[in-house]
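Heads up: the structure comes next, in structure tokens.
What follows is calculated from the coordinates using simple rules that are stated; it is not laboratory data. Here the structure is a predicted model, which is why all the values come from computation and not from measurement. Glycine gets a Cβ as well: all are built from the backbone with ideal geometry, and neighbour counts include every protein chain shown.
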Amino acid sequence: MRFWKAWIVTTKDFSVFRKNKYIFYSIIAMPLMFGLVFPVAMLMSLPADTPTEVVTLILNMLNMYFAIIASILPTVIASYSFVGEKVEKSLEPLFATPTTDGELLFGKSLAAFLPCMLATYIGAAVYVTIVNSWSYLNMGVLLLPNLTFAMIIGLVAPLACILSVEGNVIVSSRVSDVRAAQQIGSLIVLPIILVLVLGSTLEFIPTDQLALILAGAMAIAVVVLFFLAKATFRREEILTKWK
Amino acid sequence: MIETENLTRKFGELTAVENLTLKVDEGEVFGFLGPNAAGKTTTIRMLCCLIAKTSGNARIANLNVDNPQDCLEIRKIVGVLPENVGLYDSLSAYKNLDFYGKLYEVSPQRRQENIKRLLSLLGIWEKRDDLVGTFSKGTKQKIAIARALIHDPKLLFLDEPTANLDPEASKTVRDFILDLKREKRTIFINTHNLDEAERLCDRIGILKTKLLTIGAPGSLERDVQTRKTVVHLQRVDDQIIAAAKKLRVVKDARTVDNKIVLDVDDPERDNPEIIRALIEAGGNIQFVTELRSTLEDVYLKMIRETGAS
């Protein structure tokens, strides 16, 4: 696979996404809600003398939301990847170029992954700033980033995002309507969210170990789904069966 | 440049293209005529490695359309104008072409030169930074043609290049194709437009799932032709008709207003005898013309015969 070729597809998709207001605002809204509104609401409800351990426990649960954001955002972008091309009827000239399936899939996936992770990290940066401002003022310490947060942001969130992108790209290459792609794409994300939410409530496992277990499981799923995406991507079917 | 042997494509029970055997030489402009669902687009898609064949063989510039590695090479030397232009509406004309230029691995300098040359030739260089979504169908079609040529392909596939265009835009596109013909590019055109095929193509094939006939437009017309002599008279009466029908060289004669239309094998040889006979029968001849078969006659004859069989 030639990565420079995949990058051409990625940068083109960036240009198209930038012009799509629906994608643009969806990408901004969710991280801001999780990074700004939720922590502010939670911290405002805490008494100033709350013990540090309790605050850390609550924060460890909130941290997991960034992995959830990273898995939800691709349903907005990745659902446009092939369906968007179908809508514009641009797949035939695209397939006529000397570009391989792997390069197209990788380029499209990267175009969905990078803005989603960027938005997640911007939301996380806002979240860290708010939490640390509160903790410094009330406790005299900076609570974030801690090990759990670093593992979630550095490992679990990107893997959840890749998993969601792959799932959504597979769906996008098999349906012919953006809404259908988004709806089915949202269903694909549900198991990921379920695992993340359930995991964050398992108090008997230390959160940093839990993050590691989740990351390992997701890494395996990412590899499996990549090969599945390649195996199920059929140019001919996409060209001859779209309506 | 293009060689196919018994090329066949089936979609389930439906046969889209059956046993197509064809050879298109380098520098030739070849036209495929046929009704809707005749298999024209399917043929182009097979030849561009966009869809697989069911059986038979096809080679482009000695590369096999079966072989995935050859397919990548074929895509490098082939330019395609699909039936739907498929441009990105939210990008400018320049960015659309630049994107495809990169995918076709054209160097930045050559890309820039080619985009400028093609858009200038098509008269839309001034609109290069406008969003494609704001353009008319004709302008979009021109950009799609420029896209097909962005990498200077040896072989160009044009699927209905003037479909849905107004007469002015159609003429611009046709003139541009003629320019490409002068550059000795190999061009394969699918069209419904008989006049366009006749004007642009060196050879024409009529397809309706199977290849019904193939040849130069002139030779196809001669093949189906029963040459007709049309005699314009001041007045036509039964005596004149009878005199015409009595002639051995006349296969059939009918009247249309003040004209007699006569089926003959060789007008150059037979016309003097016909004219003498009509004058002797009292006919006042104003002038004599010839009615020639057109490509439309060939096309309709072929398609109807297939339909009847």
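Annotations for the structure displayed:
- Dipole orientation for region B:31-124: of the candidates B:58, B:79, B:115, B:115 has the Cα lying most toward the positive pole (charges on Cβ; Lys, Arg +1; Asp, Glu -1).
- Angle between chain B longest axis and helix B:93-103 axis [Cα atoms, degrees, rounded to 10]: 70
- Toward the positive end of the charge dipole of region A:1-81, with +1 on the Cβ of Lys and Arg and -1 on the Cβ of Asp and Glu, the farthest Cα among A:80, A:35, A:25 is that of A:80.
- Order of B:117, B:304, B:248 - criterion: other Cβ atoms within 10 Å of each residue's Cβ, fewest first: B:248, B:304, B:117
- Sequence-distant residues sharing a close amide H with residue B:81 (under 5 Å, placed H): B:157, B:158, B:159
- For residue B:17, the residues whose modelled amide H falls within less than 5 Å of its own, excluding neighbours fewer than 5 places apart on the same chain, are B:9.
- For a 4.7 Å threshold on C-beta separation, the list of partnerless cysteines in chain B reads B:48, B:201.
- Estimated translational diffusion coefficient (Stokes-Einstein, Kirkwood radius over Cα pairs, 25 °C, 0.890 mPa s) of the protein assembly as shown: 88 µm² per second.
- Entries of A:108/B:127; B:40/B:228; A:19/B:102; A:19/B:53; B:102/B:137; A:12/B:140 with Cα pairs more than 27 Å apart: A:108/B:127; B:40/B:228; A:19/B:53
- Chain A: radius of gyration and largest Cα-Cα distance (Dmax), Å: 19.5, 66
- Size of charge dipole - region A:3-241 - debye, nearest 20, with Cβ of Lys, Arg +1 and Asp, Glu -1, no other charges: 800
- Protection proxy ranking of A:51-64, B:25-38, by the mean of other Cβ atoms within 10 Å over each peptide's residues and highest first, is B:25-38, A:51-64.
- A Cα-only calculation for chain B places Rg and Dmax at 24.7, 79 Å.
- In Hz, Karplus ³J(HN,Hα) per residue of region A:87-92 (6.51, -1.76, 1.60; θ = phi - 60°; x = Gly, Pro): 4, 7, 6, 9, 5, 5
- Over region A:3-241, Cα pairs under 8 Å with separation of 6+ residues give a relative contact order of 30 percent.
- Hits among aspartates and glutamates - C-alpha to C-alpha of residue B:184 under 20 Å, sequence gap 8 or more where chains match: B:3, B:25, B:26, B:28, B:152, B:159, B:175, B:196, B:198, B:202
- Assuming charge only on the beta carbon of Lys and Arg (+1) and of Asp and Glu (-1), the dipole of region B:93-152 about its Cα centre is about 120 debye to the nearest 20.
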